[in-house]
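In what follows, a structure is listed as structure tokens, so that the remarks can point back to it.
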Amino acid sequence: DTAVSQTPKYLVTQMGNDKSIKCEQNLGHDTMYWYKQDSKKFLKIMFSYNNKELIINETVPNRFSPKSPDKAHLNLHINSLELGDSAVYFCASSRNYEQYFGPGTRLTVT
Amino acid sequence: RKEVEQDPGPFNVPEGATVAFNCTYSNSASQSFFWYRQDCRKEPKLLMSVYSSGNEDGRFTAQLNRASQYISLLIRDSKLSDSATYLCVVNVGDAGNMLTFGGGTRLMVKP
């Protein structure tokens, strides 16, 4: 069974659109995360969320917003997409320090 | 200065070779250290945690030098399947348990 799953795997959209990426974990973890990996392969934390507290990386534009309907899900909503948003977005979850990553969503903004 | 710095490589080594990667981190308050492995177009996966006393897992040995703020990973008897990008990862222990990743070191093991 997949531990951390994301949909869609690929997303191609135009500038200015609003899109969402879904993430689900079946590990019973308390904390979930979103990361962005750009074309230079740097992986950067965007959000940490443990259903009580949202920690936001201060460099993340407010066009990005995480939404958690329940403990097992943390979706990423992006408003007014820009060319620079093109990247691979990884969801992850953890109980302690080890983080388990989803397979990634490759977002291309044209 | 990047928070976590690594030589991007690539390191091209023959099968059976021993190869070592280093990583430096800038935040002296960092508390936890890890090596993750990322295969091409795949998600990162934890390879091993790094403890102050150093630790070994099969062919892999990790070392931490807090005074100099660097972490190392040694791979002995390299296999073709070791070809991947190795990510040095640091946790400063702040709220949110967020990890800071280095840019990764690419390893290519050749027959």
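At-a-glance table
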quantity	calculated
Under-5 Å amide H pairs with B:S32, H placed in peptide plane, nonlocal only	B:N91, B:G93
Surface/4 estimate of mean projected area, convex hull on alpha-carbon atoms of the range A:8-110, nm²	6.2 nm²
Karplus-derived HN-Hα couplings along the range B:42-53 (A = 6.51, B = -1.76, C = 1.60, θ = phi - 60°), whole Hz, x at Gly and Pro	10, 7, x, 9, 5, 8, 6, 7, 10, 9, 4, 7
Formal net charge of residues neighbouring B:D7 (Cβ-Cβ distance under 14 Å; K, R +1; D, E -1)	+2
Value of D in µm² per second that Stokes-Einstein yields for the range B:21-80, Kirkwood Rh from Cα pairs, at 37 °C (0.692 mPa s)	265 µm²/s
Nonlocal amide H pairs with B:L107, under 5 Å, H built at 1.01 Å	B:F11, B:A84, B:T85, B:Y86
Descending principal axes extents, the protein assembly as shown, alpha-carbon based, whole Å	49, 39, 36
Cα shape, chain B, gyration tensor, a/c 1.5 rule	prolate
Neighbour-count ranking [beta-carbon atoms within 10 angstrom, fewest first] of A:K52, B:K110	A:K52, B:K110
Inter-centroid distance (Cα atoms) of the range B:40-98 relative to the range A:30-102, Å	22 Å
Proxy reagent accessibility, fewest Cβ within 10 Å first, across A:E98, A:E53	A:E53, A:E98
Calculated from backbone phi, Karplus (6.51, -1.76, 1.60) coupling profile of the range A:22-30 in Hz, x at Gly/Pro	9, 9, 9, 10, 10, 9, x, 6, 8
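Coordinate-derived values only; no laboratory data. Please read all numbers here as calculations on a predicted model, not as lab measurements. We place every Cβ from the backbone using ideal geometry, glycine too, and count neighbours over all the protein chains shown.
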